[in-house]
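What follows is calculated from the coordinates using simple rules that are stated; it is not laboratory data. If you're wondering where the values come from, they're calculated on a predicted model, not measured in any experiment. Ideal geometry is used to build each Cβ from the backbone, glycine not excepted, and the neighbour counts take in all protein chains shown.
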Amino acid sequence: MKGIIFTEFLEMVDAKFDPETTERIIDMVDVPSGCAYTAIGTYDHTELIQLVVALSKETKAEVTDLVRAYGFYLFERFVRTYPRFFSGIRDAFTFMEGVESIVHTEVRKLDEAANPPRILCTRESGERLEVIYESERCLADAAHGLILGCIDYYGENVELERSNLDDESGKRVRFLLTRKS
Ligand code: HEM
C-alpha cells in the first residue's frame, strides 16, 4: 500500500493524540520498514494494521473506531492534497460516484504499485446511493470513515447504513446513503 496512507496515519496520531504516542506505537511494532515511511514508497498493508493495533493498546480505543476516525481524517487530507478531484463537484453523491472511475483509476495509472479498493456505486434514486467496498485488505472501516468525511465535507444531511456482504471480515461491505431533506 502506498506510503501516503502510512504517513497520514502517523500525522493523525501526532495531531489527535501527541508525538509521544506516535513514538511509542512505532517502538511497539516490529515491521520491515522500521516505520520510515515516505509518501511515494510502497509498504505491506499489514504494517498499518499493526500500528492501529498498537494505537488501540496505547489509547484503549477500539481498532474499528480508530480506523474509522482515520478514514474521516484522511478525507480532509485528500481534499487538501488533491484539490483537482474536487473541482466542479458540488455534492457527496457525485463525488462518491467518481471515486472508482476517476480518482482510484488515476491513482492506479500514476503508480502501478498502487492497488486501491474497488468502490462500486449505484444510484438507486436521486436520494439514495449504494456504495460497495471490495478489497482484500479488509479496510471497510477506513472506507466508512472516508464516506463520513465526504458527507461532512459537502455539509449534507445523509443517513448511512452499513451491512457486511459475504462475511464479517470487512472485505466486501455495502453502504447505503440516504439523503434527508
Ligand atoms: C480524492 C479522494 C481520494 C484519493 C486521492 C484516494 C486515493 C487513494 C490512495 C492513493 C490509496 C492507496 C492505494 C494503495 O496504496 O494501493 C487509497 C486507498 C484507499 N481508498 Fe481511496 N482515495 C480517495 C477517496 C476515497 C474514498 C471517498 C473512499 C471511500 C470509500 C476511499 C477508499 C479507500 C480505502 C478504504 C483505501 C485503503 C486500501 C484498501 O482498502 O484496499 N478512497 N485511496
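Between Ser101 and Glu23, take the C-beta separation as r, use R0 = 45 Å, and let me know the FRET efficiency to the nearest 0.05. If you can, show how the numbers build up before the last one.
Values: r = 40 Å, r/R0 = 0.90.
For R0 = 45 Å, the calculated efficiency reads 0.65.
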Task: Full-stretch length increase - Asp30, Thr59 - with 0.36 nm per residue and alpha-carbon distance subtracted - done: 8.6 nm
Task: Compactness relative to 2.2 N^0.38 Å, alpha carbon Rg of the chain - done: 1.03
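Counting only C-alpha contacts under 8 Å and six or more residues apart, can you give the relative contact order of the chain as a whole percent?
Normalised by residue count, the contact order of the chain is 20 percent.
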Open item on the list: Modelling each spin label as a point 7 Å along the Cα-to-Cβ direction, I'd like the Leu110/Glu161 distance in nm, to one decimal.
Closed with: 3.6
TODO: Mind checking the stretch 85-117 for trypsin sites (Lys or Arg not before Pro) that DSSP puts in a loop (not H, G, I, E or B) and that have at most 12 other Cβ atoms within 10 Å?
DONE: Arg90
Open item on the list: On a full-extension model of 0.36 nm per residue, what is the gain between Ser87 and Glu124, subtracting their alpha-carbon distance, rounded to one decimal in nm?
Closed with: 10.8 nm
TODO: Find, among the GluC sites (Glu not before Pro) in the stretch 71-160, those assigned to loop by DSSP (not H, G, I, E, B) with at most 11 other beta-carbon atoms within 10 angstrom.
DONE: Glu112, Glu136
Task: Separation of alpha-carbon centers, the stretch 159-181 and the stretch 1-64, rounded to whole Å - done: 26
Task: the stretch 3-61: Rg to Rh, with Rh as the Kirkwood radius over Cα pairs - done: 0.93
Task: Helix runs (DSSP H) in the chain reaching 30 Å along axis by Cα, Kyte-Doolittle at least 1.6 - done: none
